[in-house]
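The values are calculated or read from the model by the stated rules, or taken from the named source; none is laboratory data. Since the structure is predicted, the reported quantities are computational estimates derived from the model, not experimental observations. When we count neighbours, we look across all protein chains shown, and the Cβ atoms used for this are built from the backbone with ideal geometry, even at glycine. These area figures cover heavy atoms from the full protein model, side chains too; ligands, DNA and RNA do not enter into them. Shrake-Rupley method; radii C 1.70, N 1.55, O 1.52, S 1.80 Å.
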Amino acid sequence: MKKIYLSLTFLSSCAALLLSGCSTDSSMDFYDKLEEHATYEQDATTLAESRSRKDEISVNTYQAVLDAGAEEIKRSQNEREELMALNEERFSLLEQEQSLRREAFAKLDMQELKDYVAELETGPKREGSRVIEVIEQREQAFTTFVKQYTASMNAEEKLLSYLTEKPNFVKIDEATADLNRTTRQATATLNDFNRLTARYNELKPAFYKEVGLNIK
């Protein structure tokens with residue numbers, strides 16, 4: 001029987017976006033919007049970390065049942081109940097995280113930020129455009145991650161439905177392969193999101209420096 005390798009990259013939850021500083025020029029509005037965005041990101045990251053811990057518990061439980069073999073699968077009613085409860089909690093945490101991130105992106109008002117950057121001189125405009133670009137890339141990456149993570153959760157539920165007192169091992173193997181595939185996709189996209197987050201945190205100080213914000 002194939003084993004589940006649910007990648008623990010899910011534990012690498014999205015980095016919080018932390019900045020502090022002050023400015024008296026018109027760039028403060030831009031800064032304030034990014035700071036508000038950062039607050040939402042911190043709350044979303046807390047949810048992501050909680051979900052990731054439950055991901056780890058879930059994969060370890062699945063793996064323990066499958067490693068124990070046919071007889072354990074037949075006797076694993078407690079584990080099945082635990083997995084069902086975990087899946088509900090993970091779905092709930094994902095929905096809360098998604099809601100926060102959607103609100104965070106919506107409050108940025110990207111068109112307003114683009115209009116502001118368009119009026120800047122060459123250096124600040126270049127750096128500001130990079131910040132905006134990576135914000136949009138992060139939003140798309142997270143949207144894709146949600147779809148792929150949801151697909152992996154659906155694959156888990158399908159596998160769970162086969163872990164019964166009369167297990168069908170052909171279907172279990174097929175469901176495990178599907179779970180591995182959807183998990184790899186979600187993990188790759190989450191890695192992209194985290195990479196973009198790191199890039200975002202690199203670009204912001206460069207932009208703030210260009211427009212004369214005093215970051216401390």
Q | Number of the exception - Glu174 against (1) closer than 14 Å to Gln137 by Cβ; (2) open to solvent by 70 Å² or more (accessible area, probe 1.4 Å) | A | (1)
Q | Those residues of region 181-199 which are surrounded by fewer than 21 Cβ atoms within 10 Å (Cβ to Cβ) and in contact with a Leu (Cβ under 8 Å, 6 or more places away or on another chain), in sequence order | A | Thr197
Q.
Among the listed residues Gln98, Gln111, identify the single one that is in a helix (DSSP H, G or I) and either crowded, with 18+ Cβ neighbours inside 10 Å or at positive phi (or both).
A. Gln98
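Results for (1) open to solvent by 60 Å² or more (accessible area, probe 1.4 Å); (2) farther than 30 Å from Lys158 by Cα, shown as yes or no for each residue.
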position: Asp32; (1), (2): yes, yes
position: Ala38; (1), (2): no, yes
position: Glu41; (1), (2): no, yes
position: Ala44; (1), (2): no, no
position: Ala48; (1), (2): no, no
position: Arg53; (1), (2): yes, no
position: Asn78; (1), (2): yes, no
position: Glu89; (1), (2): yes, no
(Q) Residue under question is Leu160, and the condition is that it be open to solvent by 10 Å² or more (accessible area, probe 1.4 Å) and part of a helix (DSSP H, G or I); does it hold? (A) yes
Q: Considering each of Asp173, Asp109, Asp115 in turn, give the residue that is of a type outside the set (Phe, Trp, Tyr) and more than 16 Å from Leu34 (Cβ to Cβ).
A: Asp173
Q.
So, in region 114-126, exactly how many residues are among the β-branched types (Val, Ile, Thr) and either under 30 Å from Ser50 (Cβ atoms) or surrounded by 13 or more Cβ atoms within 10 Å (Cβ to Cβ) (or both)?
A. 1
